[in-house]
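Structure first, then comments.
The values are calculated or read from the model by the stated rules, or taken from the named source; none is laboratory data. Values in this document were obtained by computation on a predicted structure and should not be read as measured data. Here Cβ is always computed from backbone atoms with ideal geometry, including for glycine, and neighbour counts include all displayed protein chains.
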Amino acid sequence: MRVGLCGLSHPHLPGRLAGWRAAGWEVTGGWDADPEQCRAFCRRHHVPPIEHPALLDPAVDLVVVDAWPDQACLLTADLLAAGKPVLLEKPGAPRASAFSVVAAAVRAGEQGGSRAWVQMGYHFRYSPALTSLRAWLRAGAGGRLSLVRVHGGAPAGTLPTADWLRAGERGGLLFSLGCHWVDLALWLWGAPLQVTCQLWRRSESPTARWGTEDGATAAWTYRDMLLTLEMSGWESRGYGDGWSIAVYGERGEAVAELGPCTFRRSMPLPGLAVPAEGCRRWACTQQDLFAAEAKDVRTRLRQGRAPACDAAQGAAVLDLLEALYQAAESGRAVAVAP
């Protein structure tokens with residue numbers, strides 16, 4: 001199958017391009033609104049530069065929109081209106097309200113009798129560690145859950161750069177990276193009843209220029225479970241290392257780590273003071289996750305199946321991020337719409 005690239009600015013794109021090529025997709029060409037950016041990217045990654053109308057060619061099976069969020073939502077809406085399937089880079093818009101153009105394009109397609117196919121680029125869903133955790137949860141192996149701890153961050157010295165913070169976006173680290181964890185938590189447990197949040201910024205942090213955060217802590221309240229989210233822009237380890245979800249239940253515990261890709265679980269056994277342990281590791285890189293994403297998208301398109309993470313789920317992530325920022329700004333818990 002053939003894929004075109006629309007918007008060539010997002011830092012995920014080189015890895016996604018390599019993963020999609022490894023999965024057997026043919027790249028027809030790349031376009032960007034900035035001609036210089038387009039020439040530089042296409043030359044560096046051996047992609048034919050094309051004009052925007054070429055993306056609408058019937059021979060192009062899907063368009064990957066990997067522009068910055070403020071551009072990505074508008075480009076996606078136009079492509080959907082033209083009937084082209086889209087893989088939209090996360091989070092898809094600079095804030096929740098801006099995503100409405102994508103939602104409107106999907107509704108218009110449905111009302112017109114055609115399906116507007118768009119999948120959000122939340123590629124961590126394809127991590128073997130997280131799919132193993134999801135299977136463990138669905139099997140009820142841990143029993144009734146009481147607490148979930150989610151941790152993510154960025155290496156010290158990588159914030160801020162143009163790759164992380166953009167004018168007009170709702171926030172900083174919580175928005176740019178935390179959207180992955182918000183998506184994963186919604187994927188695994190659904191929406192909470194309410195959220196609280198605190199944002200922080202080191203006094204010497206250059207992010208002061210943007211007025212955005214380089215750290216955050218949040219608590220999501222469910223009916224009988226608490227989820228805590230921690231984000232730090234001052235990690236000692238590399239990008240992705242130490243990112244984890246830890247789950248605590250009445251009958252067992254489990255931890256999924258993204259770097260290195262690991263799934264661990266423990267369950268008490270009758271008559272033993274020490275719980276039985278289980279651990280599995282995978283040699284899994286971010287490029288592998290992009291390749292898994294590409295294979296899944298190809299299968300879904302060929303079989304006429306719905307996206308793994310559709311526009312409604314993308315909107316839910318942005319809505320919950322908005323609730324977190326409102327909670328931080330007000331200092332109060334914010335109820336989450338069901």
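Structure summary
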{"read-out": "Residue match in the range 44-55 (condition: under 30 Å from Gly172 (Cβ atoms) and of a type outside the set (Ser, Thr, Tyr))", "value": "yes"}
{"read-out": "Residue list for the range 16-40, restricted to those being more than 19 Å from Leu79 (Cβ to Cβ) and surrounded by 16 or more Cβ atoms within 10 Å (Cβ to Cβ)", "value": "Ala18, Gly19, Arg21, Ala23"}
{"read-out": "Counted residues, the range 21-37 - those being out of contact with any Lys or Arg (no Cβ under 9 Å at 6 or more places or on another chain) and closer than 19 Å to Tyr122 by Cα", "value": "2"}
{"read-out": "Count - residues of the range 186-205 that are in a loop (DSSP other than H, G, I, E, B), surrounded by fewer than 20 Cβ atoms within 10 Å (Cβ to Cβ) and at pLDDT 90 or above", "value": "3"}
{"read-out": "Single residue of the range 60-79 satisfying the filter (among the hydrophobic types (A, V, I, L, M, F, W, C) and out of contact with any strand residue (DSSP E or B) (no Cβ under 6 Å at 6 or more places or on another chain)) that is nearest to Pro14 (Cα to Cα)", "value": "Ala67"}
{"read-out": "Residue satisfying all of: in the range 150-178; under 14 Å from Ser236 (Cα atoms) and touching a strand residue (DSSP E or B) at 6+ places or on another chain (Cβ under 6 Å); modelled with the highest pLDDT among these", "value": "His151"}
{"read-out": "Matching residues in the range 245-254 - criterion: being part of a strand (DSSP E or B) and either surrounded by fewer than 18 Cβ atoms within 10 Å (Cβ to Cβ) or more than 16 Å from the chain's Cα centre (by Cα) (or both)", "value": "Ala246, Val247, Tyr248, Gly249, Glu253, Ala254"}
{"read-out": "Given (1) crowded, with 24+ Cβ neighbours inside 10 Å; (2) at pLDDT below 95; (3) aliphatic (A, V, I, L, M), number of the condition Ala82 does not satisfy", "value": "(1)"}
{"read-out": "Whichever residue in the range 85-132 is farther than 24 Å from Met1 by Cβ and crowded, with 23+ Cβ neighbours inside 10 Å and, among such residues, is nearest to the chain's Cα centre (by Cα)", "value": "Pro91"}
{"read-out": "Number of the condition not met by Pro48 [criteria: (1) of a type outside the set (Ser, Thr, Tyr); (2) out of contact with any strand residue (DSSP E or B) (no Cβ under 7 Å at 6 or more places or on another chain); (3) without any contact (Cβ under 8 Å) to a residue 24 or more places away in the chain]", "value": "(2)"}
{"read-out": "Every residue from the range 299-318 that is part of a helix (DSSP H, G or I) and surrounded by fewer than 16 Cβ atoms within 10 Å (Cβ to Cβ)", "value": "Thr299, Arg302, Gln303, Ala312"}
{"read-out": "Residue list for the range 225-237, restricted to those being outside any strand (DSSP E or B) and at pLDDT 95 or above", "value": "Met225"}
{"read-out": "Residue within the range 255-268 that is of a type outside the set (A, V, I, L, M, F, W, C), buried (at least 19 other Cβ atoms within 10 Å of the Cβ), in contact with a Leu (Cβ under 6 Å, 6 or more places away or on another chain) and not in a helix (DSSP H, G or I) present", "value": "no"}
{"read-out": "Residue identified as closer than 25 Å to Glu89 by Cα and assigned by TED's automatic domain parsing to the domain that holds Gly142 among Gly233, Gly252", "value": "Gly233"}
